[in-house]
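Let me begin by presenting the structure, written as structure tokens, before commenting on it.
The values are calculated or read from the model by the stated rules, or taken from the named source; none is laboratory data. Since this is a predicted model, take the numbers as computed values, not measurements. Every residue, glycine among them, receives a Cβ derived from its backbone with ideal geometry; neighbour counts consider all protein chains shown.
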Amino acid sequence: MKNKTLFVLLVAAMAFSGCKSKKQESAAEGTKNLKKASADLKNELGFKPKMLVAINIKNAKSSPLFGMVKDEIGKDFPGGKECFKPALEKAEAAVLIGDNIIGKKVKAGEKKTPNAYGAITGIDGKALIECAMKSAKGKDQLKTGKLNGKDVWINTDDGETTYIWVTKNGLGVVSGELSKKVTPGKGVLGNTEIGGFVGSKTVTLDVSGINEDKLEAAKGYMDFSSGISANIDITFKDAGAGDKALAQFKMFSEKGEKMIPVPGIGEIIKGISLKGSGKNLTLSVSLSKKQVEMLSDLAKSMGGGFMK
């Protein structure tokens, strides 16, 4: 979605890929927080969204990888990262909810606003909006208006319309068909009461209907609090796609050390596994904090690496 607004936090989190714990939890064990969240969302929206991602931002800040992305977060928000930076310093959690927004095919020239909801808590939402309204981009894109009878700011960018409102604990954003289901100041979503959605892991996710590169669904967690730990159950559209992914990973695990001639890279590769059969695979990552710091230094030496 081009209006990345608060949702860019998700991109930042997904760019990492994970803590090294004494006992690594399974994908199901690590996403228990999403079970109740899914039930609450079904009650409030009338259906279970195909995307639910919860981000523990306080947890993410402890990772050396966060320092590589924090300057990029918020640059697409009206007012830019200059406005978003002080908000990010206080941010505690974020949630992204969506329906048919990953890999959805859009015809050439067609403008399609995604069905999405986002919330970020722990910030001064009013100060963030006031800062944005002082910028040239904010003055051009943000207009006051109504959503389901409540006052909001309407952000229009490249044909996409997003509704933004301030809550007691943060900021809410909604677009597309979900804007008909969410009313600012009403219910869990309207009040950005997302504390029950967020678990102890940095990122927990439950995504289906992806429609991208033979990938169909992903459910699991990523944690960056003390290294990298991740367990994600992945479902492909067919067994052939799963077999291809396994073959590619096997080649990387066998030749990766030669492809990336950096001291210690072999041990890092050993900390990553892809197992399973047919269309159902599990991606696991277990790296120490020292290994993550090495990866961070390597990326910086390459001019930012994957963050550029």
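General observations
- Considering the conditions (1) in contact with a strand residue (DSSP E or B) (Cβ under 9 Å, 6 or more places away or on another chain); (2) closer than 16 Å to residue 95 by Cα; (3) surrounded by fewer than 18 Cβ atoms within 10 Å (Cβ to Cβ), residue 249 is excluded by exactly one of them, (2).
- Within the stretch 116-160, the residues that satisfy the criterion of being modelled with pLDDT under 90 and in a strand (DSSP E or B) are 156, 157, 160.
- Just so you know, in the stretch 22-48 the residues that are closer than 23 Å to residue 288 by Cα and surrounded by 13 or more Cβ atoms within 10 Å (Cβ to Cβ) include one that is modelled with the lowest pLDDT, and it is 24.
- Those residues of the stretch 245-297 which are part of a strand (DSSP E or B) and within 18 Å of residue 227 (Cβ to Cβ), in sequence order: 272, 273, 283, 284, 285, 286, 287
- Any hit, the stretch 170-180, residues being outside any helix (DSSP H, G or I), of a type in the set (Lys, Arg) and assigned by TED's automatic domain parsing to the domain that holds residue 75: no
- All conditions in (1) crowded, with 17+ Cβ neighbours inside 10 Å; (2) over 29 Å from residue 127 (Cα atoms) hold for residue 167, with the sole exception of (2).
- Test: residue in the stretch 211-226 that is among the hydroxyl-bearing types (Ser, Thr, Tyr), assigned by TED's automatic domain parsing to the domain that holds residue 119 and closer than 24 Å to residue 31 by Cα: no
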